[in-house]
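Heads up, the thing below is written out as structure tokens.
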Amino acid sequence: MPARRSLLIFLGLAALAALFIRGAWDLMEIRFASGDTYAANSTLNSGPKGSRALFESLDTLPGHHCERNFVPLSQLKPPGSCSLFLIGSGENVFGEDSEENFEKVEDWMEAGTHLILAVSADSLPGIPPVPVNTDLENPWDATNFYTSGTGTPPKPGSKSKSTHKTQEGVTAAAHWDFRWRSIAHREDIPKDGWETKPTTGMAPVSKLPRWRSPLRFVKMGKDWQTLASVGGEAVAIGRRFGKGSLVLLTDSTSFTNEALWRSVQPEFLLWMTGGRSRIIFDETHLGTASDPGVMTLARRYRFHGLMAGLALLLALFIWRGATSLVPRDELTDLGHGSHGHLDGASSASGLIGLMKQSLRGTALLRACFTEWAKNPVIRRRHSDAQVTAVRDLITTAEAGKIPLVETYRQIATLLKRRG
């Protein structure tokens, strides 16, 4: 009965644990399905600032295939002929931004990769505007193209001492020869943005989305071509690299779910793909990368059966510790109370229990007599005749002529008399 009750308790706890795990899984699934746990501009984010609508829309186009990249760009294999989107780029987008990393990316573009880098306007701090006519090599002493810089603007007429290198390596602005500046505070951006005009480099596009970033490109190298401008200043530039190309945008708002809902610009978005059928959206620069842990490896190599077997073994081990799988024996249950717990026992009770298991009936009586007869103190108290009489009584009991209890009583009566 106690074993059955322990089994029912174990099964009840296992059922509760299964229900808890199932409920937690459903809650996590609902949370991740909403997409608000992912960063802005992520194609996994279904909120206003995400880009999931763009990913799914392009993926449904005939002849197009979209995929997400969760491998660091420094470890990514050459993607070949495709469009690689880095929406909402942050600083050090190529890992350590070393010359080796830039050369690797340029090799991809030489082989046919169309790379699109778009800065997130929402991440720009409210930096003050800088005069348009400036001779500064880098107006804010900024250290990277992907951030607007937080330092104090240098005084007019002074020369910037920026080396265009971060502690990790070379910046994109220095490597690809361009500069930029801000025309307004972040909070001074118009609600509907600025009107954008295409240039000769964007001839196929008749209408462009409104721009919501205060960044403008200045002092570009001769290889760059202006694709779109606001007020005569470039906001989108591009250049060729072999079979591929590079496009830099100072605003990523037009790729968000909110922008596609309010005013979609299909010509602009299709032009951004560069005519490639394979489109890759990078997620690592937004902080979402694959981490091949134990469960990932188990799913990859299909260790589901092994994991289930280990869980079953663990459950059996816990069950074995909670209750015995073998029926209990009264003789081996020494010291157990009526409620199944162990009672405290002295050395004498332990010896008695051991004798009960090893010696039974007349064998116990014979063993006690043997040890009693060896004691010299006891022998001095009793005569040889008493010892012989006790031995004869035990022999008679072993023959089955006298009951064991009656034999013990006769021995006790005999030994009460002094020898």
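Okay, residues lined up against (1) in contact with a helix residue (DSSP H, G or I) (Cβ under 8 Å, 6 or more places away or on another chain); (2) among the small types (G, A, S); (3) assigned to a helix (DSSP H, G or I); (4) modelled with pLDDT of 85 or more:
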residue	(1), (2), (3), (4)
W261	yes, no, yes, yes
V264	no, no, no, no
E267	no, no, yes, yes
W271	yes, no, yes, yes
G274	no, yes, no, yes
F281	yes, no, no, yes
A289	no, yes, no, no
M295	no, no, yes, no
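Taking the numbered list (1) touching a helix residue (DSSP H, G or I) at 6+ places or on another chain (Cβ under 6 Å); (2) touching a residue at least 40 places away in the same chain (Cβ under 8 Å) in turn, A389 passes all entries but (2). Being within 24 Å of D59 (Cα to Cα), under 37 Å from the mean Cα position of the chain (by Cα) and of a type outside the set (S, T, N, Q) is the requirement here; does L260 meet it? Against the criterion (within 24 Å of D59 (Cα to Cα), under 37 Å from the mean Cα position of the chain (by Cα) and of a type outside the set (S, T, N, Q)), L260 qualifies. Residues in segment 248-259 that are out of contact with any helix residue (DSSP H, G or I) (no Cβ under 7 Å at 6 or more places or on another chain), crowded, with 24+ Cβ neighbours inside 10 Å and either among the charged types (D, E, K, R) or in a strand (DSSP E or B) (or both): L248, L249. Got a sec? Which strands (runs of 3 or more DSSP E) wholly within segment 187-247 have at least 1 residues that are in contact with a Pro (Cβ under 6 Å, 6 or more places away or on another chain) and closer than 27 Å to P79 by Cβ? It comes to 225-230. Here S162 passes the criteria (1) polar (S, T, N, Q); (2) modelled with pLDDT of 80 or more; (3) surrounded by 19 or more Cβ atoms within 10 Å (Cβ to Cβ) except the one numbered (2).
Among the residues of segment 205-242, those that are modelled with pLDDT of 85 or more, open to solvent by 10 Å² or more (accessible area, probe 1.4 Å) and of a type in the set (S, T, Y) comprise T226, S229.
The values are calculated or read from the model by the stated rules, or taken from the named source; none is laboratory data. If you're wondering where the values come from, they're calculated on a predicted model, not measured in any experiment. As a convention, Cβ positions derive from the backbone with ideal geometry for all residues, glycine included, and neighbour counts pool all protein chains shown. Calculation scope for accessible area: heavy atoms of the full protein, side chains included, ligands and nucleic acids excluded. Shrake-Rupley method; radii C 1.70, N 1.55, O 1.52, S 1.80 Å.
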